[in-house]
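See structure below.
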There are 2 protein chains.
Amino acid sequence: MYRSHTCGELRASHANKEVTLSGWVQGVRDKGFMVYIDVRDRYGITQLYFDEEQTEASILKNAQKLGREFVIQVSGKVQERASKNPNISTGDIEVLVSKLTILNEAKLPPFTIEDDTDGGEDLRMKYRYLDIRRNPVKDSLIFRHKVTQEVRNYLSKEGFIEVETPYLIKSTPEGARDFVVPSRMNEGQFYALPQSPQTFKQLLMVGGMDKYFQIVKCFRDEDLRADRQPEFTQIDCEMAFIEQEDILNAFEGLTRHLLKEIKGVDIEKFPRMQYDDAMRLYGNDKPDIRFGMEFGELNEVTQHKEFNVFNKAELVVGIAVPGGNSYTRKEIDKLIDWVKRPQVGALGMVYCRCNDDGSFKSSVDKFYDQEDLAKWAKITRAKAGDLICVLSGGTNKVRAQLSALRMELAERLGLRNPDEFAPLWVMDFPLLEWDEETERFHAMHHPFTSPKPGQLELLKTDPGAVKANAYDLVLNGNEIGGGSIRIHDKATQSLMFDYLGFTPEEAKAQFGFLMDAFQYGAPPHGGLAFGLDRLVAILGGQETIRDFIAFPKNNSGRDVMIDAPAPIDDEQLEELSLKLNLKS
Amino acid sequence: MYRSHTCGELRASHANKEVTLSGWVQGVRDKGFMVYIDVRDRYGITQLYFDEEQTEASILKNAQKLGREFVIQVSGKVQERASKNPNISTGDIEVLVSKLTILNEAKLPPFTIEDDTDGGEDLRMKYRYLDIRRNPVKDSLIFRHKVTQEVRNYLSKEGFIEVETPYLIKSTPEGARDFVVPSRMNEGQFYALPQSPQTFKQLLMVGGMDKYFQIVKCFRDEDLRADRQPEFTQIDCEMAFIEQEDILNAFEGLTRHLLKEIKGVDIEKFPRMQYDDAMRLYGNDKPDIRFGMEFGELNEVTQHKEFNVFNKAELVVGIAVPGGNSYTRKEIDKLIDWVKRPQVGALGMVYCRCNDDGSFKSSVDKFYDQEDLAKWAKITRAKAGDLICVLSGGTNKVRAQLSALRMELAERLGLRNPDEFAPLWVMDFPLLEWDEETERFHAMHHPFTSPKPGQLELLKTDPGAVKANAYDLVLNGNEIGGGSIRIHDKATQSLMFDYLGFTPEEAKAQFGFLMDAFQYGAPPHGGLAFGLDRLVAILGGQETIRDFIAFPKNNSGRDVMIDAPAPIDDEQLEELSLKLNLKS
């Protein structure tokens, strides 16, 4: 038996009890005649006490030689401390050690195992097993476990069945790039790792498993942006014999349950917003509605004067920054620089101060009089003391730019309170989106999403205007889930593949099994998938997912701890009927 | 709203209620003036009733045209049946239909959706989504969900944390063959899919996460035997600051909980058996102890006569077949043919009838007298009426042969009762096993398993005799779990790699991260992994795993439903810096 108690367990009520603890040496305070050692495990820290009078000399000597992160086992008697430490749960007691065993020695760790470590990101990733000893990472992983348990128990109670779908599936060129897995037993052929279990969960619906979920790893071989991982986890869900309203209710229920159980937050009913309104009011399909700063479209009140920048713009749009009139000229110039950074890409910014006396002072006073500016203020809901920021240009671009500015300002103004939770359904996404690069329409969600009733015909005349039975669940400005009602008949699915540029042969080769399945009695169905990594991070009050993943990869898709990926043996390649074809 | 109730829900108490059901047409009985339709969903079957007098003509006509597996929605009034069906839960009622909607038509399915289907294995796999509609498959998947929920809730309650480990890891030549995943972003390099999260769970122990579990997919690119899958699921567990006894207790607790909760079976304490005894008494490291038929070693009582077959054999060993004296000569000859099949590989079989009068009659009476045969009976515990079957040859081979015979006979004798559960710990496995092919020792479990205390030295002189802190959990003759206490110091781990034939460079390249980790304060640790597919199958009273997996692969590793693996585009290969190197 290595321990009778954990290092987070002992209280004053244990005084005089003989106990055995095991753990890591957090620190040694050696006063010569007495030694204090903090021993740490997953559950907490306990103070160990040794002194000349009460401790055997050899034990005291060994204690003095212990280094940080040594693994030790100690036995001794619990005693109340003279000076208690109210900051830790075991702060009332210490253990007077009568036996000390070194279970394993430790080299000096490359960074301190403290909440605020001196280790940089790279070092922490290389020694992730040490990083996990730190409370912020350890607690995040335990928090993740707690969330997934709640999800599973809630969905199970609601009659959902977790079904494991395969990881070795088939590559499809639609969507993001697949990771592929060469098959040794089927020469020249490859499996693909799933980007999601989409087609399998639909087949489960055809199979009658009418409430499915799975917490499952998914894979995308994308050029990694910050905070993206090549492997990520989804809470994947699907239901049959449902309408959109049933899906929204089911997963609003799950999210409400999590907010309540995990965060103690009660939210009655999640608001809903049309995709078009989200874009118009926030320039963004995942608006953070914890604060206002809604967009005001200013074309009508700006395009009647001689200011050509606005006159030739597709959209002129502004937001009111609360209290922004207090910004100095220099601060505003910095803000203008900020929107002109390549990451945002605006060409400039017009602003208008709303003075306390009700007058306005804009950077374009040459063109606009007080009456004009009053209209700007009215439309952007600016009050005295605010600053109106106005951008102009092509609609999509300028919306994205102003959205970035809105989020940045909200961050600076402390309006993005991590303890506040503002969920939002964004509804009726477009079915298709135009891809500038390939100059054709792509499925915005995926090719299995059904168009709104009666809109299928629009595909021919105005494909960009077709709305889908598709919805996203947004939490605090992050998309935490998305889904749709699916197509469930072969004819519509074929038509969709056709519009997406599949030849009938391609459609059959890649998705023939699904269209076949639709012929054997497919029920109406739909679903939703949550991004677990992000959901957990946001519930944990953070926006970066990395500390909620035990062993994340870096931005080049590398695991720097195990040093993967790595070259493989020639025999392995030979067995797989492959040869390297290096460009460099 | 597609339904007010499921098809398994309505009872006599619902009589006169207006309900809406959705589901699949199981069958139509058309009597002309009245029509009965069974509608089926995941929850059951409900009888629908239409007749000339009460049903609108157009509806009756539509009902008559419905085909099997059409997806329909009906509304109507619940009424008590005249003739009740006690075999189904809804057998007291039927629904008098007033509205019928065809939600989707269905082609005639290629096999019947019945418990006893007319579909063969291949057809069922190709149309797995139809197969899943059948109760035996559907119920197995739901059963699997129930088992995994119990596992997760039990382990969570015991303080275990489920941590997701990565799927894109590094290939190691030790053990079975890896599936590899070419990395596009790291040219010429490959990830591997994990055969198990072994090293990661050990790193979690180094990281202080002292009770870990994960239900996780694992991958092995092996030539598939029947009932093996290239991807399979483990309940992977690890604990730190534990001794072997702690592990055995923890997972005996889990297994006992499952037997109790899932099967209603109470088992107080699991028996334990030494590996050496299991081999001696059952010829097998996973003995089925639901029945006796233990081996009797007969060298001493057979090698004193002129029978050379026995005299030159390393081992002469027999079992008593209960009641086997009733076998005719023909039946015994068939048994001899059975053991001579190449799958078993015995050269022959000696037998001895135990007559009711206490006399014996053997196939080798020329050599052995009644006194000799009485000794055989004593050693094999044969009683009057039994048949003693004796095999001889090299110890390992003959044990495997007799074990196969023992299992076959037990099956024929109905001694393998699926409702009886006989768990067993098999303890103290050898550390190494000799590989005939490569003519060297391999790690029997894996290279991270620790030898028994004080046996490390034996590695030099008698490596095959070294026992490990390794244990298997056996249930009804199947290994359902296995594990070990791990090495947790760099020196021993290096030594082990050395004995296994790794150069220091190879050891460092492949497992350097683990040995590094051991230098930063690794706690004593160990664990166990259950094979979930098999565990679920056995708890479900079956020995084949395929129906407990939603979308299994066939023996060539193919998914015949989606037709994977498949060729990929040349551009994909090009992007991955690969070329095909086909042999054929």
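So the values come out like this:
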{"read-out": "Estimated D of segment B:227-383 in µm² per second, where Rh is the Kirkwood radius over Cα pairs and Stokes-Einstein applies at 20 °C, 1.002 mPa s", "value": "111"}
{"read-out": "Of all accessible heavy-atom area on segment B:321-414, the percent that carbon and sulfur account for (1.4 Å)", "value": "51"}
{"read-out": "If the convex hull is drawn through the Cα atoms of segment A:76-151, its volume per residue in Å³", "value": "172"}
{"read-out": "Distances in nm from B:Asp246 to the matching label points in the other copies, shortest first (labels 7 Å along Cα to Cβ)", "value": "4.9"}
{"read-out": "For peptides A:123-129, A:271-277, A:135-141, sequence by mean Cβ density within 10 Å, most packed first", "value": "A:123-129, A:135-141, A:271-277"}
{"read-out": "Stokes-Einstein D in µm²/s, Kirkwood radius over Cα pairs - the protein assembly as shown at 25 °C with 0.890 mPa s viscosity", "value": "71"}
{"read-out": "Segment B:450-543: Rg to Rh, with Rh as the Kirkwood radius over Cα pairs", "value": "1.08"}
{"read-out": "Phi to ³J(HN,Hα) by Karplus 6.51 cos²θ - 1.76 cosθ + 1.60 over segment B:476-482, Hz, x for Gly, Pro", "value": "6, x, 10, 6, 9, x, x"}
{"read-out": "Burial order of peptide ranges A:304-314, A:252-262 (average beta-carbon count within 10 Å, highest first)", "value": "A:252-262, A:304-314"}
{"read-out": "Teacher prompt: B:Glu187 distances to equivalent labels in other copies, 7 Å Cα→Cβ, nm", "value": "2.9"}
{"read-out": "Cβ charges +1 (Lys, Arg) and -1 (Asp, Glu), total dipole of chain B, debye", "value": "1200"}
{"read-out": "With all protein chains modelled, accessible area of A:Leu413 [1.4 Å, Å²]", "value": "60"}
{"read-out": "Average beta-carbon neighbours from other chains, 10 Å sphere, peptide B:65-72", "value": "2"}
{"read-out": "Per residue convex hull volume, Cα atoms of segment B:29-155, in Å³", "value": "149"}
{"read-out": "Expected 222 nm ellipticity per residue - DSSP helices of 4 or more, -39500 (n - 2.57), all of the protein assembly as shown, to 500", "value": "-8500 deg cm²/dmol"}
{"read-out": "Accessible solvent surface per residue of chain A, calculated while the other protein chains remain in place, 1.4 angstrom probe, Å²", "value": "41"}
{"read-out": "Cα gyration tensor shape for segment A:142-234, rounded if a/c is under 1.5, else prolate or oblate", "value": "oblate"}
{"read-out": "Segment B:291-384: C-alpha gyration tensor shape, a/c 1.5 cut-off, then a/b vs b/c", "value": "rounded"}
{"read-out": "Relative packing of peptides B:521-527, B:442-448 - highest average C-beta neighbours within 10 Å first", "value": "B:521-527, B:442-448"}
{"read-out": "DSSP bridge pairs, chain B: antiparallel proportion in percent, nearest 5", "value": "95"}
{"read-out": "Copies compared at B:Leu413 - label distances in nm, ascending, label defined 7 Å from Cα in the Cβ direction", "value": "8.4"}
{"read-out": "Among A:Gly8, B:Gln370, B:Val398 - extreme Cα towards positive end, dipole of the protein assembly as shown, charges at beta-carbon", "value": "A:Gly8"}
{"read-out": "DSSP beta bridge pairing in the protein assembly as shown, given as percent antiparallel to the nearest 5", "value": "95"}
{"read-out": "Residue-span extension gain [B:Trp338 to B:Ser58] - 0.36 nm each, minus C-alpha spacing", "value": "94.4 nm"}
{"read-out": "Added length on full extension, which subtracts the Cα-Cα distance from 0.36 nm per residue, B:Glu300 to B:Ala15", "value": "94.9 nm"}
{"read-out": "Kirkwood hydrodynamic radius of chain B, Cα pairs, Å", "value": "28.4"}
{"read-out": "DSSP-defined antiparallel bridges as percent of all bridges, segment B:12-104, nearest 5", "value": "95"}
{"read-out": "Test item: B:140-147 mean partner chain Cβ contacts at 10 Å", "value": "4"}
{"read-out": "Residues in segment B:98-116 that, when all protein chains are in place, have 30 Å² or more less accessible area than the chain alone would give (probe 1.4 Å)", "value": "B:Leu103, B:Asn104, B:Lys107"}
{"read-out": "Label-point separation in nm, B:Glu543 to B:Lys99, each point 7 Å along Cα→Cβ", "value": "5.4"}
{"read-out": "Relative frequency of Cα-Cα separations exceeding 16 Å in segment B:12-104, percent", "value": "48"}
{"read-out": "Interface burial for B against A (accessible surface, 1.4 Å probe, total of both chains, Å², rounded to 100)", "value": "11400"}
{"read-out": "Positive-end extreme of charge dipole, chain B - chosen from B:Leu258, B:Val95, B:Leu387 (charges on Cβ)", "value": "B:Val95"}
{"read-out": "Volume per residue of the C-alpha convex hull in segment B:8-55, rounded to whole Å³", "value": "82"}
{"read-out": "Helix runs (DSSP H) in chain B reaching 20 Å along axis by Cα, Kyte-Doolittle at least 0.0", "value": "none"}
{"read-out": "Exposure rank, largest accessible area first [A:Ser171, B:Ser22; 1.4 Å]", "value": "A:Ser171, B:Ser22"}
{"read-out": "Segment A:Ala491-A:Glu371, extension gain: residue separation times 0.36 nm, minus the distance between their alpha carbons", "value": "37.4 nm"}
{"read-out": "Shielding by partners, peptide B:512-518 (average Cβ within 10 angstrom, other chains)", "value": "4"}
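The values are calculated or read from the model by the stated rules, or taken from the named source; none is laboratory data. If you're wondering where the values come from, they're calculated on a predicted model, not measured in any experiment. In this analysis, Cβ positions are derived from the backbone assuming ideal geometry, glycine residues included, and neighbour counts consider all displayed protein chains. Note: accessible area is taken over every heavy atom of the protein model, side chains too, but ligands, DNA and RNA are not part of it. Shrake-Rupley method; radii C 1.70, N 1.55, O 1.52, S 1.80 Å.
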